[in-house]
Amino acid sequence: MSKLNVKSMKKSTLDHLVTFAMVIVAYLIVQILIAAGVLSSLMQGLLVPMCTYSIVAIGLNLCVGYLGELSIGHAGFMCVGAFSSAFATKLLQNVIPNQIILFITVLIIGTAAAAFFGFLIGIPVLRLRGDYLAIVTLAFGEIIKNVINVLYIAKDTDGFHFAISNGNAIKLSDEGEWLINGAKGIAKIPHLSSFTAGVIMILICLFIVYHLVNSRSGRAIMAIRDNRIAAESVGINITKFKLMAFTISAAIAGAGGVLYAHNLSTVTATPANFGYNMSIMILVFVVLGGMGSFRGSIIAAVILTLLPEVLRGLSDYRMLIYSIVLIAMMLFNWAPKCIEFRQRVAAKLKKNTKKGVQ
């Protein structure tokens, strides 16, 4: 077999490999730090949330960066994935004793549920132009959160019991169990999430989105983003490809919700967990990391998740420093002068590398 020639490799392929290598190397470094006892329990507790936000940011970047449609309600799809998977876990935990198989099963369920809702929302909305998707996804995120807060589902020897708004209407036997208890959410969820599972999910999501954007469908999606009229004039089915990208984006967000829910003993549909602010935070990760850059989304998610905890000792200035870092990252990524500077540095490094090889 011939040796892999990096020079002849496509630039996009090399970029993808760098992203995969970055995630794997970061995972190995964290595992070494944990084994050496260097990483504090607080930092270890942030590992799964970092993976969760990275996954949801990857999904949103597919919608915003490649499809060119603004969504400010991806926390709603995250919520669907979280609650549908947690509900399935409560039903299946005694049927499937193996935790790995159980997690894979509920992961598929949560992802499929989020994809289904993404498909339903996309059918009417993606035929329109403008910011309609942003408005509808925002409404969906608030609706799904409020519906779950008034939903009561229980199970006992007599079967399932359902109620809306009034949980006292359900009379459970002594062996009964609440599956969804209104605003109290779903309790006693088995801890199935782990940092290893989160990293594997990130790698799978990266494989899916990279495979999509480099395929014929991905080129059609980017053509729609760049010039809808030109894409339509050459026979590209606008609605089909927009719906495909948005459904996959919602499914990835749902997968992040599954990881999020199974890292908690109790999951509730509160504004802090799945509200408007969560959607905006994920959008900030995407914008700061660079729209269209999945690697950038992961880096931004990790930095902005760690930063508030690293600065926790500076209680009076913590959010001020956080805000300054946000502004600095935005300028570094998007200011024309900064872009020119980065391009000059990259060109110089490339030139020096060629000289070294020669």
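The values are calculated or read from the model by the stated rules, or taken from the named source; none is laboratory data. Predicted model, so just to flag it, every value in this text is computed and none were measured. Cβ coordinates were reconstructed from backbone atoms using ideal geometry, including for glycine residues, and neighbour counts include every protein chain displayed. To get the accessible areas, we keep the full protein, side chains included, count just its heavy atoms, and leave off ligands, DNA and RNA. Shrake-Rupley method; radii C 1.70, N 1.55, O 1.52, S 1.80 Å.
From Ile153, Ile148, Ile104, grab the single residue that is of a type in the set (A, V, I, L, M) and under 27 Å from Asn277 (Cα atoms). Write out each step before concluding.
On the way: Ile153 fails: under 27 Å from Asn277 (Cα atoms); Ile104 fails: under 27 Å from Asn277 (Cα atoms).
Matching residue, one of Ile153, Ile148, Ile104: Ile148.
If I ask for residues that are aliphatic (A, V, I, L, M) and either without any contact (Cβ under 8 Å) to a residue 60 or more places away in the chain or open to solvent by less than 30 Å² (accessible area, probe 1.4 Å) (or both), which ones from region 94-108 would you list?
Applying the first criterion (aliphatic (A, V, I, L, M)) to region 94-108 yields 95-96, 100-102, 104, 106-108.
Listed by number, the residues that qualify are Val95, Ile96, Ile100, Ile101, Leu102, Ile104, Val106, Ile108.
For region 254-284, enumerate the residues that are small (Gly, Ala, Ser) and assigned to a helix (DSSP H, G or I). Show your work before the answer.
First, the residues of region 254-284 that are small (Gly, Ala, Ser): 254-257, 261, 265, 269, 272, 275, 279.
If the condition is that a residue be small (Gly, Ala, Ser) and assigned to a helix (DSSP H, G or I), then Gly254, Ala255, Gly256, Gly257, Ala261, Ala272, Ser279 are the ones that fit.
Condition first: out of contact with any Gly (no Cβ under 6 Å at 6 or more places or on another chain) and surrounded by 22 or more Cβ atoms within 10 Å (Cβ to Cβ). Now tell me which residues in region 288-300 satisfy that.
Leu288, Phe294, Ile298
Which condition number in (1) under 15 Å from the mean Cα position of the chain (by Cα); (2) assigned to a helix (DSSP H, G or I) is the one that Ile104 fails?
(1)
Sort out for me the helices (runs of 4 or more DSSP H) sitting completely within region 151-243 that have 2 or more residues that are over 27 Å from Cys51 (Cα atoms) and either at pLDDT below 85 or open to solvent by 40 Å² or more (accessible area, probe 1.4 Å) (or both). Please lay out each step first, then the result.
Numbers: elements: 195-213, 216-226, 228-233.
Qualifying helices (runs of 4 or more DSSP H): 216-226, 228-233.
State whether one or more residues within region 78-91 are closer than 26 Å to Arg219 by Cβ, part of a helix (DSSP H, G or I) and open to solvent by 50 Å² or more (accessible area, probe 1.4 Å). Steps first, answer last, please.
Residues of region 78-91 closer than 26 Å to Arg219 by Cβ: none.
No, region 78-91 contains no residue that is closer than 26 Å to Arg219 by Cβ, part of a helix (DSSP H, G or I) and open to solvent by 50 Å² or more (accessible area, probe 1.4 Å).
Within the set of pairs 6 or more residues apart or between chains, which connect a residue that is free of Cβ contacts under 8 Å to residues at least 24 places away in the same chain inside region 245-257 to a residue that is open to solvent by less than 10 Å² (accessible area, probe 1.4 Å) with Cβ atoms less than 8 Å apart?
No pair meets every condition.
Which residues, counting only those in region 21-58, are small (Gly, Ala, Ser), closer than 24 Å to His74 by Cβ and not in a helix (DSSP H, G or I)? Show your work before the answer.
Step one: list which residues in region 21-58 are small (Gly, Ala, Ser), which gives 21, 26, 35-37, 40-41, 45, 54, 57.
Then keep just the ones that are closer than 24 Å to His74 by Cβ; that gives 26, 45, 54, 57.
Those that are small (Gly, Ala, Ser), closer than 24 Å to His74 by Cβ and not in a helix (DSSP H, G or I): none in region 21-58.
Take Ala115 and tell me if it is part of a helix (DSSP H, G or I) and under 25 Å from Tyr210 (Cα atoms).
Values: part of a helix (DSSP H, G or I): yes; under 25 Å from Tyr210 (Cα atoms): yes.
When the stated conditions are applied, Ala115 passes them.
Regarding region 138-148, can at least one residue be identified that is open to solvent by less than 20 Å² (accessible area, probe 1.4 Å), over 30 Å from Gly296 (Cα atoms), free of Cβ contacts under 8 Å to residues at least 24 places away in the same chain and in a helix (DSSP H, G or I)?
Start the filter on region 138-148 by keeping residues that are open to solvent by less than 20 Å² (accessible area, probe 1.4 Å), which leaves 141, 145, 148.
Retained after the next criterion (residues that are over 30 Å from Gly296 (Cα atoms)): 148.
From what is left, the residues that are free of Cβ contacts under 8 Å to residues at least 24 places away in the same chain are none.
Taking every residue of region 138-148 in turn, none turns out to be open to solvent by less than 20 Å² (accessible area, probe 1.4 Å), over 30 Å from Gly296 (Cα atoms), free of Cβ contacts under 8 Å to residues at least 24 places away in the same chain and in a helix (DSSP H, G or I).
Return the residues of region 30-70 that are in contact with a Cys (Cβ under 7 Å, 6 or more places away or on another chain) and either more than 20 Å from Val258 (Cα to Cα) or open to solvent by 30 Å² or more (accessible area, probe 1.4 Å) (or both); say none if nothing qualifies.
Passing the criteria: only Glu69.
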